[in-house]
Each structure stands twice: as C-alpha cells, then as structure tokens.
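Step one of this worksheet: look at the structure below.
Any read-out appearing in this document is the output of simple, stated calculations on the displayed coordinates, not a laboratory observation. Source: prediction; values computed, not measured. Every residue, glycine as well, gets a Cβ built from its backbone with ideal geometry; the counts of neighbours run over all protein chains shown.
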Amino acid sequence: MIIVLLGPPGTGKGTQAAAVRNRFRIPHISTGDIFRRNLAEGTPLGLEAKGYMEKGELVPDGLVLDLVADRLRGPDCRDGFLLDGFPRTEVQAEALDRLLSGAGRSIDHVVLLEAPDETVVDRLAGRRVCKSCGAVWHVTHNPPPADLVCPECSGEIYQRADDAAEAVLNRLRVYVRQTGPLIGYYDAKGLIRRVDGSRPPAEVVEALFRSLA
Ligand code: AMP
C-alpha cells in the first residue's frame, strides 16, 4: 500500500503516520525528519537545508527529489510506504508519479488531515519534541518532564526552530500557497480521503483507518 499524508503543519501527521506504520507494517518516510537528521549530523544536505527550514520555507525541489528517489529504492519499500511531508509542490507530485509509474506502481490513497488555523498554531507553538526519538509533548496539554530529558530514550526535549511563532505563520502561508494546489491535483485522480485532524489523536487514527477501508 502506498499512502501520501497531506495537510498543514500541526494536524498530527507524525502521530498518525506512526499508527499507520504499525498497522500496515510499511515504512514511514518523513522528508522533514530526514532533513532534521542531516542537520543534526552536519551533512552538506543538512547545511544546505538549514536556512530554508528555520524560516519555514520549502527546501528547493531538486534537493528533495533526489533524496526521496534514493529512499524509495530501499528494500523495505517493496510492499509499500507512507509519505509524510512529501510531496509538497506540484513539481514534487508530478515527479513522484513519474518515479512510481516507471516502477509500475501508483499511489493508493492520499489522506488529507484538516484542522482550523487556530488549532494548528496552538499545537505547533506549544510543541516540544525529543531530538532523538521524535516523541512529542505540548507545554499545556501534555507537558514534558521538567528536566527536558526524554523518559523513553534519554534524548534532549526541545522546541524546533521552525515551531517558533513567526516561522509557524510562515509555514501555514507556504502550505496554502505551495502545497494547497495538490488537493485539487489528487482530487482529480479520486485519491483524496479527508480526515478531521482537530479531534483527539485516537479518534483521528480511527477515522483515518476507516478512510482507507
Ligand atoms: P516537516 O517536518 O514536514 O514540517 O518539515 C520541516 C521542514 O523541512 C519544512 O518546513 C521544509 O523546510 C523542509 N521540508 C520537508 N519536506 C519538504 C519537502 N517535501 N519539500 C520542501 N521542503 C521540505
């Protein structure tokens, strides 16, 4: 099964992706996570992406496409995969279609997670994440431990630079302008499954699984 998770930042794509990965036993491929790993390791790709990421801008298509093409060749992607945060532009969506059709494959579902702007701004501005394992907290709804040490893996709990208030607003604008057109692109192919991402995570998981049935 090949699934694309679409939706503005802060609609719970990471949480939902983990549930889908466990249920369908397919890899969860997050281009944002790949960039953050490269940034932490100081690779040339990470250094190139840094400035764009901190401002909440998209990294240029060329950089993203190479890394995705490479990742999808992994043997663990043979039975399917879930894409989270990719594609984000029409150029990327078209490139993905070409990549898949070249291998005789195609997308099965595009899940669109939706939530009002106020909800996503609150979620992102209050979000804290573990640098090592990606576990997520929220300063008021689910506060992290006071010592900011992850109870799961002892990693450092921090606020992503792009979760700061100005960057969040920019990410939302970028989403509407550059990723918004993908809804029409996939709707025309009959692939879009709309899911209300403003509900509590467990309810969203249920709705998402129903949408794939
Ligand atoms: P995310 O964790 O998906 O919100 O991604 C964090 C940041 O990584 C984004 O704001 C972009 O700067 C960059 N990024 C991740 N995926 C892409 C993509 N498909 N195209 C361009 N930039 C991306």
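Miscellaneous remarks
- Residue ID - surrounded by the most Cβ atoms within 10 Å (Cβ to Cβ), chosen from residues in the range 50-72 that are hydrophobic (A, V, I, L, M, F, W, C) and either in contact with a Cys (Cβ under 6 Å, 6 or more places away or on another chain) or part of a helix (DSSP H, G or I) (or both): Val64
- When the range 74-104 is filtered for residues that are polar (S, T, N, Q) and in contact (Cβ under 8 Å) with a residue 24 or more places away in the chain, the ones remaining, listed by number, are Thr89, Gln92.
- Number of positions in the range 153-173 that are surrounded by fewer than 11 Cβ atoms within 10 Å (Cβ to Cβ), of a type outside the set (Gly, Ala, Ser) and under 25 Å from Pro200 (Cβ atoms): 0
- Filtered residue count, the range 17-49, keeping only those that are within 16 Å of the ligand (Cβ to nearest atom), of a type in the set (Val, Ile, Thr) and either in a helix (DSSP H, G or I) or in contact with a Phe, Trp or Tyr (Cβ under 8 Å, 6 or more places away or on another chain) (or both): 4
- Criterion: in contact with a helix residue (DSSP H, G or I) (Cβ under 7 Å, 6 or more places away or on another chain) and not in a loop (DSSP other than H, G, I, E, B) - qualifying residue of Val205, Val174: Val205
- If you go through the range 178-202 and keep only what is within 11 Å of Leu112 (Cβ to Cβ) and in contact (Cβ under 8 Å) with a residue 60 or more places away in the chain, you end up with Thr179, Leu182, Ile183, Tyr186, Leu191, Ile192, Arg193, Arg194, Val195, Asp196, Gly197.
- Among the residues of the range 174-193, the ones that are among the charged types (D, E, K, R) and under 16 Å from the mean Cα position of the chain (by Cα) come to 0 in all.
- Residue tally, condition more than 7 Å from the ligand (Cβ to nearest atom) and either surrounded by fewer than 19 Cβ atoms within 10 Å (Cβ to Cβ) or assigned to a loop (DSSP other than H, G, I, E, B) (or both), over the range 73-94: 11
- Near pairs, Cβ below 7 angstrom, 6+ apart or cross-chain, from the range 46-73 (free of Cβ contacts under 8 Å to residues at least 40 places away in the same chain) to any residue that is more than 8 Å from the ligand (Cβ to nearest atom) and among the small types (Gly, Ala, Ser): Leu65/Ala95
- Only one of the listed residues (Phe24, Phe35) is crowded, with 18+ Cβ neighbours inside 10 Å, within 24 Å of Gly7 (Cβ to Cβ) and aromatic (Phe, Trp, Tyr). That residue is Phe35.
- Some residue of the range 137-158 being within 21 Å of Pro87 (Cβ to Cβ), among the acidic types (Asp, Glu) and assigned to a loop (DSSP other than H, G, I, E, B): no
- Criterion (acidic (Asp, Glu) and more than 24 Å from Leu112 (Cβ to Cβ)) met by exactly one of Asp70, Asp61: Asp70
- Residue selection: Val129 satisfies the criterion of being outside any helix (DSSP H, G or I), without any contact (Cβ under 8 Å) to a residue 40 or more places away in the chain and within 14 Å of the ligand (Cβ to nearest atom).
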